[in-house]
Amino acid sequence: MMIICMMERRFFLTDNLIFIHGLISSGQGFKGEYFKSVFPNCLTPDFEKYHERIPMKTLLNKRMEQLNQILNKKEKWIIIASSFGGLMATLYAIQNPEKIEKLILLAPFLLREELLPKNINPIEIPVKIYHGRNDKVIPIEDNKNKAYLIFNNLMFYMVEDDHQLHNTVKSLKWLELI
């Protein structure tokens, strides 16, 4: 009986579940494939590819346009997002809080001018952030401080991992988190 409930729960939960990849990754990277294996109906779209000649602001705008097209089709999304995808998820949540059930952010890139306190109202939706203590890409303390300015309902976890968070992703109890 428990397996059936989990299967029903998995199906229900993955109906509005999306994974947003990082800057130089894709929906078919390690995390995208992992989430598809745990939640077969999880969306793992590929966003505009990173290229060093494309200004970050331009890339972010293109990716946000793509994200809006996907997320505006349904309500109450659960978003799992990694690094630059965490920035995208946060920006979407700021603009559309009623459409988000919860955010799970993996080493999100929150240190951008788009997230200056004067530009946002704190978000009330539940947010869990996992950030590796050995992250050499995004400074953990600065990111943590910024997160507490953005999210009012935040649980921030420092984990023994690096920016990729591969070990953390594999060890978390995703059915319980979702």
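The values are calculated or read from the model by the stated rules, or taken from the named source; none is laboratory data. It should be emphasised that the depicted structure is a prediction, and the values quoted were computed from it without experimental measurement. Because the Cβ atoms are built from the backbone with ideal geometry, glycine has one as well, and the counts that use them run over all protein chains shown.
Glu160: farther than 22 Å from Ile94 by Cα and either without any contact (Cβ under 8 Å) to a residue 24 or more places away in the chain or touching a Leu at 6+ places or on another chain (Cβ under 7 Å) (or both), yes or no? It is false that Glu160 is farther than 22 Å from Ile94 by Cα and either without any contact (Cβ under 8 Å) to a residue 24 or more places away in the chain or touching a Leu at 6+ places or on another chain (Cβ under 7 Å) (or both).
Could you check the range 62-91 and list, in sequence order, the residues that are of a type in the set (Lys, Arg), exposed (fewer than 15 other Cβ atoms within 10 Å of the Cβ) and assigned to a helix (DSSP H, G or I)?
Filtering the range 62-91 down to residues of a type in the set (Lys, Arg) leaves 62-63, 73-74, 76.
This time we only want the ones that are exposed (fewer than 15 other Cβ atoms within 10 Å of the Cβ), so: 62, 73-74, 76.
Matches in the range 62-91: Lys62 only.
Residue check: Lys49 meets all listed conditions (1) assigned to a loop (DSSP other than H, G, I, E, B); (2) in contact with a Pro (Cβ under 8 Å, 6 or more places away or on another chain) but one, namely (2).
For the condition closer than 20 Å to Leu177 by Cβ and over 13 Å from the mean Cα position of the chain (by Cα), what is the one hit in Pro40, Pro55, Pro108, Pro117? Spell out how you get there, then give the answer.
Values: Pro55 fails: closer than 20 Å to Leu177 by Cβ; Pro108 fails: over 13 Å from the mean Cα position of the chain (by Cα); Pro117 fails: closer than 20 Å to Leu177 by Cβ.
None of the others qualify; the one that does is Pro40.
Glu52 falls short on exactly one of the conditions (1) on the phi > 0 side of the Ramachandran plot; (2) at pLDDT below 95, and that condition is (1).
Within the range 131-145, residues that are in contact (Cβ under 8 Å) with a residue 40 or more places away in the chain reach partners that are assigned to a loop (DSSP other than H, G, I, E, B) and of a type in the set (Ser, Thr, Tyr) with beta carbons closer than 8 Å, at six or more positions or on different chains, in the pairs Val137/Ser83; Ile138/Ser83.
Does the range 89-98 contain any residue that is within 24 Å of His166 (Cβ to Cβ) and touching a Phe, Trp or Tyr at 6+ places or on another chain (Cβ under 6 Å)? Checking the range 89-98: not a single residue is within 24 Å of His166 (Cβ to Cβ) and touching a Phe, Trp or Tyr at 6+ places or on another chain (Cβ under 6 Å).
Taking the range 92-108 as the range and being among the hydrophobic types (A, V, I, L, M, F, W, C) and either within 16 Å of Arg63 (Cβ to Cβ) or part of a strand (DSSP E or B) (or both) as the test, the residues that pass are Ala93, Ile94, Ile100, Leu103, Ile104, Leu105, Leu106.
Only one of the listed residues (Glu52, Glu48, Glu101) is exposed (fewer than 15 other Cβ atoms within 10 Å of the Cβ) and not polar (S, T, N, Q). That residue is Glu52.
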